[in-house]
1. Quick one: is Leu72 in contact with a strand residue (DSSP E or B) (Cβ under 8 Å, 6 or more places away or on another chain) and of a type in the set (A, V, I, L, M, F, W, C)?
2. I'd like to verify a number: residues in segment 1-33 that are open to solvent by 40 Å² or more (accessible area, probe 1.4 Å) and either at pLDDT 95 or above or assigned to a helix (DSSP H, G or I) (or both), how many?
3. Could you list all residues from segment 53-81 that are acidic (Asp, Glu) and under 14 Å from Asp14 (Cα atoms)?
4. Given Leu62, Leu43, Leu76, which one is surrounded by 11 or more Cβ atoms within 10 Å (Cβ to Cβ), under 19 Å from Ala25 (Cα atoms) and touching a residue at least 24 places away in the same chain (Cβ under 8 Å)?
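The values are calculated or read from the model by the stated rules, or taken from the named source; none is laboratory data. All values derive from a computational prediction rather than experimental measurement. Heads up, the Cβs are rebuilt from the backbone with ideal geometry, glycines too, and the neighbour counts pull from every protein chain shown. In case anyone asks, the SASA skips ligands and DNA or RNA and just uses the protein heavy atoms, side chains included. Shrake-Rupley method; radii C 1.70, N 1.55, O 1.52, S 1.80 Å.
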Amino acid sequence: MPRNLLGLSGMPTDLPNLLTLSRIAAIPLLVVLAAIRTPEADLAACVVFSVAAITDYFDGKLARSRKQISDLGRMLDPIAD
C-alpha cells in the first residue's frame, strides 16, 4: 500500500478513515455545545456524542470487512476515541 507524507499507509478518503476524521472534527462542536449549558444545547451535544459513538463502531467494522485497515486509521482511531 502506498505511503503518504507522514509515512503512513492508507488513504484519508477511505470510508473508515473519513468516519474517524468526522469524530475528530466533532470534538470542538461537542465542547461548544456542552459549554452553552441550555437544555437544547445539551440535547444537541447528546446527539453529536451518540452519532460519534455509532461511527466509532462502524469505522472498525467497515475497515475489517473491507480489509481497509491502515496505519493512518490505527493512529487516528485512538485520538478520536
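1. So Leu72 fits the description; yes.
2. So the answer is 12.
3. Answer for segment 53-81, where residues must be acidic (Asp, Glu) and under 14 Å from Asp14 (Cα atoms): Asp59, Asp71, Asp77.
4. Step by step, each of Leu62, Leu43, Leu76 is checked, and only Leu76 is surrounded by 11 or more Cβ atoms within 10 Å (Cβ to Cβ), under 19 Å from Ala25 (Cα atoms) and touching a residue at least 24 places away in the same chain (Cβ under 8 Å).
Yes/no matrix, rows are residues, columns are (1) hydroxyl-bearing (Ser, Thr, Tyr); (2) assigned to a loop (DSSP other than H, G, I, E, B); (3) modelled with pLDDT of 95 or more:
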| site | (1), (2), (3) |
| --- | --- |
| Ala35 | no, no, yes |
| Ala41 | no, no, yes |
| Ala44 | no, no, yes |
| Val47 | no, no, yes |
| Tyr57 | yes, no, no |
| Ala63 | no, no, no |
| Ile69 | no, yes, no |
| Arg74 | no, no, no |
